[in-house]
Amino acid sequence: MESDKNLSTLLPYFDVLLEDFAEGNTDVIECFGLHVHWGYWENPGLADGSTADFAQAAENLVRKMSDLAETKNGMKILDCGCGFGGNISSLNQRFSNIEFVGLNIDPRQLDRAKSQVKATHNNQIEFVEGDACQLPFSDASFDLVFAVECIFHFPSREKFFQEARRVLKPGGKLVLSDFVPREVVLSTWSFTSPFSQPLVTHAYGQVDATYSLSKYRDLAKSTGFQIGNEIDITQNTIPTYQVIRKLQFAGDNKKAALGNWLIEIISRLTLIRYLILSYVKPF
Ligand SMILES: C[S@@+](CC[C@H](N)C(=O)[O-])C[C@H]1O[C@@H](n2cnc3c(N)ncnc32)[C@H](O)[C@@H]1O
């Protein structure tokens, strides 16, 4: 397991978030104290730029994903890269008799998740430290595996898909969200990445945003998944950027601001799309 020092290098934006929380920054706590992902607005034109509106949009993203997953009472659910427990907290409020496991590589986040997410509705919740590419769970033990906005940090998407397939029961689903580049972006990658990658790494740590939709389709095939949904919600996430600009998300410095500006521009141009993807393990 990585030491806290190495985690700081891997996840610099979480260092910033945890510092903001410790300083009592209420806007940052409202926006990112539970969920740490982009918002989803069914009607982006109605977004008002407020922290309350953003917090509701962040909750809406996990609702959208759990609806697509067809979450039901009584399931066993694994949330990989569970952050501060936001996805499990949302499901815990709406479903019963569920066994939840939240997995995260960062023990600091797990401490916060444990303290703020308590089981209700006859659910059980366990938070486990570990790497999503080496899942410490038995074969065929979960009905659903979620990975909300975190797969770009994992050491290998291929290893993660293999592990997710292994721990899912037949008929079980993997549901994830990711920033997925168009092929044209990848064709210019060798020219643009020396400028863009250091900015993104400075703010967000290790990020691999080079996985196109066709690569995902190949990966599903090679790891034995059937493709479920491929939903483009880029436009529904765009109001996120005015909030992260206002809150100086990922750091109050020029490099972090430039990194966020870059992600905003390529997202507005839909050169990188925000997709929800789901996969089914066949019977
Ligand atoms: C953008 S945050 C998303 C958190 C959470 N899914 C949410 O939506 O609120 C990315 C998460 O991935 C986690 N992560 C990064 N690498 C990981 C790995 N190899 N295994 C498990 N979790 C990892 C980070 O610690 C962080 O919690």
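A few comments on the model shown:
- Taking the stretch 134-185 as the range and being more than 15 Å from the chain's Cα centre (by Cα), part of a loop (DSSP other than H, G, I, E, B) and of a type outside the set (Ser, Thr, Tyr) as the test, the residues that pass are Gln134, Leu135, Pro136, Phe137, Asp139, Ala140, Arg182.
- Among the candidates Lys254, Lys221, residue that is surrounded by fewer than 15 Cβ atoms within 10 Å (Cβ to Cβ), at pLDDT 95 or above and out of contact with any helix residue (DSSP H, G or I) (no Cβ under 9 Å at 6 or more places or on another chain): Lys221
- Residue that is farthest from Trp41 (Cα to Cα) [pool: residues in the stretch 239-251 that are in a loop (DSSP other than H, G, I, E, B) and touching a residue at least 24 places away in the same chain (Cβ under 8 Å)]: Gly251
- Against the conditions (1) crowded, with 23+ Cβ neighbours inside 10 Å; (2) in a loop (DSSP other than H, G, I, E, B); (3) near the ligand (Cβ under 10 Å from one of its atoms), His37 satisfies every one except (1).
- Any chance Phe21 is in a helix (DSSP H, G or I), at negative phi and of a type in the set (A, V, I, L, M, F, W, C): yes
- Count of the stretch 118-146 residues, restricted to those that are closer than 22 Å to Ser96 by Cβ and of a type in the set (Asp, Glu), is 2.
- Restricted to the stretch 173-207, and to residues there that are at pLDDT 95 or above and not basic (Lys, Arg), the residue that is surrounded by the fewest Cβ atoms within 10 Å (Cβ to Cβ) is Pro181.
- Condition check for Cys31: within 19 Å of the chain's Cα centre (by Cα), in contact (Cβ under 8 Å) with a residue 60 or more places away in the chain and within 16 Å of the ligand (Cβ to nearest atom): yes
- Boolean, Asn236 is touching a Pro at 6+ places or on another chain (Cβ under 7 Å) and in a helix (DSSP H, G or I): yes
- Some residue of the stretch 138-161 being on the phi > 0 side of the Ramachandran plot and modelled with pLDDT of 95 or more: yes
- Looking across the stretch 66-118 at every residue that is among the β-branched types (Val, Ile, Thr) and within 15 Å of the ligand (Cβ to nearest atom), the one that is surrounded by the most Cβ atoms within 10 Å (Cβ to Cβ) is identified as Ile88.
- Some residue of the stretch 63-86 being of a type in the set (S, T, N, Q) and under 19 Å from Asn260 (Cα atoms): no
- Residue in the stretch 162-176 that is on the phi > 0 side of the Ramachandran plot and either aromatic (Phe, Trp, Tyr) or touching a residue at least 40 places away in the same chain (Cβ under 8 Å) (or both) present: yes
- Residue within the stretch 269-277 that is among the basic types (Lys, Arg), at pLDDT 95 or above, within 25 Å of Asp67 (Cα to Cα) and surrounded by fewer than 17 Cβ atoms within 10 Å (Cβ to Cβ) present: no
- Within the stretch 47-81, the set of residues being in contact with a Ser or Thr (Cβ under 8 Å, 6 or more places away or on another chain) and basic (Lys, Arg) comprises Arg63, Lys76.
The values are calculated or read from the model by the stated rules, or taken from the named source; none is laboratory data. All values reported here derive from a predicted model rather than from experimental measurement. Counting neighbours? That spans all protein chains shown, and the Cβs are built from the backbone with ideal geometry, glycine included.
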